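Any read-out appearing in this document is the output of simple, stated calculations on the displayed coordinates, not a laboratory observation. Everything numeric here is computed off the predicted structure, so don't read it as measured data. Cβ sites come from the backbone with ideal geometry, for glycine too, and all protein chains shown count toward neighbours.
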Amino acid sequence: MEETYYVFTETREGEFLIKLLKNFSGVLVSDFYAAYNSITCPQQKCLIHLIRDLNNDFFKNQLDEEFKTFLQLFTGLLRNIIDTIDKRGLKKRYLNKHRKETKRFFAEIYRQEYTSELVKSYQKRLTKNQEVLFTFLEYDGVPWNNNSAEHAIKAFADFRKRIGYLF
């Protein structure tokens, strides 16, 4: 979280990632860009990206009671974890206690037979990404979001917009 590297490629294809990160031995914190799925190391998907998607969908579907209930489950889980992070930091010995909560959360969403298409889509998305949504609970110092990378690249993205060079 102290250094930033920029790699320019002509396309958004992720082939270069496999070569670039072949010797990487840490935990990769990333967004949900599919190319990261081919990297063979522990991964943490950015929960802020997920929260943004949930918020956007809630704004558009405020009358979907099933979605509200689903959001309450997820929010309750994440709120407890973030409270621990705020009090104790990103330390495995304190965060480890939330692993049981996450298992209960996933068991609950597996068990439910949702009728809302929106909730079904999130049920599928969370189930698919279950192994990479709460990886940070198992390691010291691994953030639950990629904010530091997003902030680091923001200056470069702003510069790119100012000069009118879009790629």
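Among the criteria (1) over 29 Å from Tyr6 (Cα atoms); (2) surrounded by 12 or more Cβ atoms within 10 Å (Cβ to Cβ), the one Pro143 does not fulfil is (1). Taken over segment 107-130, the criterion of being crowded, with 16+ Cβ neighbours inside 10 Å and part of a helix (DSSP H, G or I) is satisfied by Ile109, Leu118, Val119, Tyr122, Gln123, Leu126. Summed over segment 37-74, the residues that are surrounded by 13 or more Cβ atoms within 10 Å (Cβ to Cβ) and polar (S, T, N, Q) give a count of 5. Within segment 126-147, residues that are touching a residue at least 24 places away in the same chain (Cβ under 8 Å) and polar (S, T, N, Q) have Cβ atoms under 6 Å from residues that are in a helix (DSSP H, G or I) and buried (at least 19 other Cβ atoms within 10 Å of the Cβ) in these pairs: Asn145/Leu47, counting only partners at least 6 apart in sequence or on another chain.
Return the residues of segment 131-140 that are surrounded by fewer than 18 Cβ atoms within 10 Å (Cβ to Cβ), out of contact with any Pro (no Cβ under 6 Å at 6 or more places or on another chain) and in a helix (DSSP H, G or I); say none if nothing qualifies.
As a first pass, look at segment 131-140 and keep what is surrounded by fewer than 18 Cβ atoms within 10 Å (Cβ to Cβ): 131, 135, 138-140.
Okay, now just the ones that are also out of contact with any Pro (no Cβ under 6 Å at 6 or more places or on another chain), so 131, 138-140.
Result: Glu131, Glu138.
How about segment 33-73: which of its residues are under 12 Å from Leu133 (Cα atoms) and either out of contact with any strand residue (DSSP E or B) (no Cβ under 6 Å at 6 or more places or on another chain) or part of a helix (DSSP H, G or I) (or both)? Listed by number, the residues that qualify are Pro42, Lys45, Cys46, Leu47, Ile48, His49, Leu50, Ile51.
One residue alone among Phe70, Phe136 is closer than 17 Å to Val29 by Cα and of a type outside the set (Val, Ile, Thr), and that residue is Phe136.
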